[in-house]
1. Quick check: Cα centre of the stretch 314-347 to Cα centre of the stretch 224-298, how many Å?
2. How much FRET efficiency would the formula 1/(1 + (r/R0)^6) give for ASP168 and LEU279, where r is the Cβ-Cβ distance and R0 is 56 Å, rounded to 0.05?
3. Any idea what angle helix 217-227 forms with the longest principal axis of the chain, computed on alpha-carbon atoms, 0 to 90 degrees, nearest 10?
4. Per the 1.4 Å probe, what fraction of the accessible area of the chain, in percent, lies on carbon and sulfur atoms?
5. Between ASP142 and GLU249, what length in nm is gained on full extension when 0.36 nm per residue of separation is reduced by their alpha carbon distance?
6. Using unit Cβ charges (K, R positive; D, E negative) and no other charged atoms, how large, in debye to the nearest 20, is the dipole of the chain about its Cα centre?
7. Between helix 183-201 and the chain, what is the angle of the helix's C-alpha long axis to the longest principal axis, kept within 0 to 90° and rounded to the nearest 10?
8. Given charges of +1 on the Cβ of Lys and Arg and -1 on the Cβ of Asp and Glu, with all other atoms neutral, how large is the dipole of the stretch 138-284 about its Cα centre, in debye to the nearest 20?
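The values are calculated or read from the model by the stated rules, or taken from the named source; none is laboratory data. Note that this is a predicted model, so its numbers are computed, not measured. FYI the Cβ positions are ideal-geometry reconstructions off the backbone, even for glycines, and counts take in every protein chain you see. Keep in mind that these areas ignore ligands, DNA and RNA; they rest on the heavy atoms of the full protein, side chains included. Shrake-Rupley method; radii C 1.70, N 1.55, O 1.52, S 1.80 Å.
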Amino acid sequence: MTDSNRPQLRMGTAGSRRISSNRRRFLKATAGVGAGVSLTGCLGQYQVLGGNSDEEPVKIGVLAPNPNSNRMGRSMVQAAELAVKHLNEEGGILGREVELVVGNTKESSLEARRQYQRLILEEGVDATTGVFSSEALLSIIDDVAEQETLHLTSGAATSKVSRMVRDDYERYKYHFRIGPNNDIDLGRIQMDFLTEMYEDLGWNSIALLAEDYDWTEKPWEVYQDRLADTDIDVVYEERYPAATNDFTEQYDLAEEADADAVFITTAHTGNPALLNWKLPTKRSFGFGGVHVPMQLPAYYDLVGGQCRYAVTQTSSTAKTSITENTQDFVTAYQNEYGGQNPIYTGYHTYDGVRAIAYAAEESNSLDSDDMVGALENASHPGYAATVEFYDNDSETPHDLVYNYGETVYFQWQENEDGEGVQEAIWPPDKKTGDYITPPWLETEA
């Protein structure tokens, strides 16, 4: 990765302010604050390079679920490690070395709050990033406000937190979402894709499905609002129960209604939804939508190729150039981690760490209020998207701005070596391949 391809930071002086622990208002103690993750084994412990050894390091905390076993969490931590490594090679933040401290949220909202408190109150971090689930983000947002410490979310999509910033700016202004796009914009992304591509895909009629979790509420509202103004025929729709693990009933109804495709919004129920599309028999419709498990680069092998011909959205694939910097990050990540490809949470966490550095350098300060101001005025190419946030008069202040073309829809395909590949099929300027109609549907036609 070359310095010329990175957003340039203005290096400040070594005497810039650092938030001390006595500046922060302490939270009421909660029982059993958990121990953090040691960056050992596959994640590695950083020996910090560069900076001024006479000053305390700048500490950045990352909150991630089970990074030694959960692929989403692992990509977050590995990307944060890589960002810290690059920052230290460039001279640190404000001329000081940078340290990464990890909080393992263990896929638990309660543990997310415990780990956030540990990072702030015990580790004395200057800012935090990460947080995968919306439930975990909602569990820490009042602590973020209480501690008046900058946090950049890099996984959770809920816009509830953004509306808190809108309704009580002074209290909640320390929260930004560096990515992915919030749940409202997620709905807009799906509709942009569907309305532009349904004819090319042959999806003139769809069965609209979404798992009944909080994170699908806003996308569902967008679907209801925009589909009515299209020529797409919604022949069946359901927000199905959260505990669904067999889609026989839903798929029977979709076939009876002669749906060309099931357009689904799923994370927790994604695996049975995908597998039931082909097993025990191949269904007579295409399959696509927002399918979080399919975003995993290893998913093709994990499900024995059963995702072949399925379509989903993600922030980027390993072959896509969302900004001029994306491929630099992908290459560096692959080189650092033995050929692994980052997951969307990794792209955004890398941007999160670098955005903290950007805010410190722009404001020449580690004071969170100063850094908030710098981020509110930011607009430059990141690695997953343009780093630019909605303003304070918007519906969702401090969330990543949705720019058309800065996200992709891809189809799982198989290359000539029999390997699964994520081929971007939309938007047009990000395409790496064309959509392939599942062969059994061509036979039926």
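1. Each part reduced to its Cα centre gives a spacing of 28 Å.
2. My answer for the efficiency is 0.70.
3. Once rounded, the angle reads 50 degrees.
4. 43 percent
5. Values: separation 107, 0.36 × 107 = 38.52 nm, distance 4.14 nm.
Fully extending the segment from ASP142 to GLU249 adds 34.4 nm.
6. With only Lys, Arg, Asp and Glu charged at Cβ, the dipole is about 1700 debye.
7. With both axes taken from Cα atoms, the answer is about 40 degrees.
8. 540 debye
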